[in-house]
Amino acid sequence: MSIPKQKLYELIDEIPDNETDKAVVVIEDFIKNIKKSRLSTLYSEPIKVEGTVEVPSREERNER
């Protein structure tokens with residue numbers, strides 16, 4: 001499901017000023033749950049790689 005960001009902004013504008021703290025908590029919880037479910041999916045369906053996987057050193061990653 002995808003909605004234009006403008007719709008999200010319109011919904012945010014509808015939140016009364018005295019309720020913004022509650023709305024932020026609800027949105028943060030929603031995002032955390034999304035991340036958890038994506039992580040769970042990754043662990044339940046791991047990516048299989050054939051061959052050797054080379055992980056660059058920290059210095060090489062920092063150079064990028």
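Grab the DSSP H runs of the chain that are 4 residues or longer, score each as -39,500 (n - 2.57), total them, divide by all residues and round the 222 nm result to the nearest 500 deg cm²/dmol. Computed ellipticity for the chain at 222 nm equals -20000 deg cm²/dmol. Between residue 47 and residue 20, take the C-beta separation as r, use R0 = 35 Å, and let me know the FRET efficiency to the nearest 0.05. Computed FRET efficiency for residue 47 and residue 20 comes out at 0.35.
Seen against the Cα atoms of the chain and their longest principal axis, helix 20-44 is set at about 30 degrees. Charges were assigned to the Cβ only: +1 to each Lys and Arg, -1 to each Asp and Glu. The resulting dipole of the chain about its Cα centre is roughly 300 debye. Net length available on complete extension from residue 29 to residue 54 is 5.5 nm, with 0.36 nm assigned per residue and the Cα-Cα distance removed. Candidates 39, 25, 11 compared by Cα position along the dipole of the chain: farthest toward the positive end lies 39, with charges placed on Cβ.
All of the numbers you see were taken from the coordinates with simple rules; none came from a lab. Since we're looking at a predicted model, the values are computed, not measured. Every residue, glycine as well, gets a Cβ built from its backbone with ideal geometry; the counts of neighbours run over all protein chains shown.
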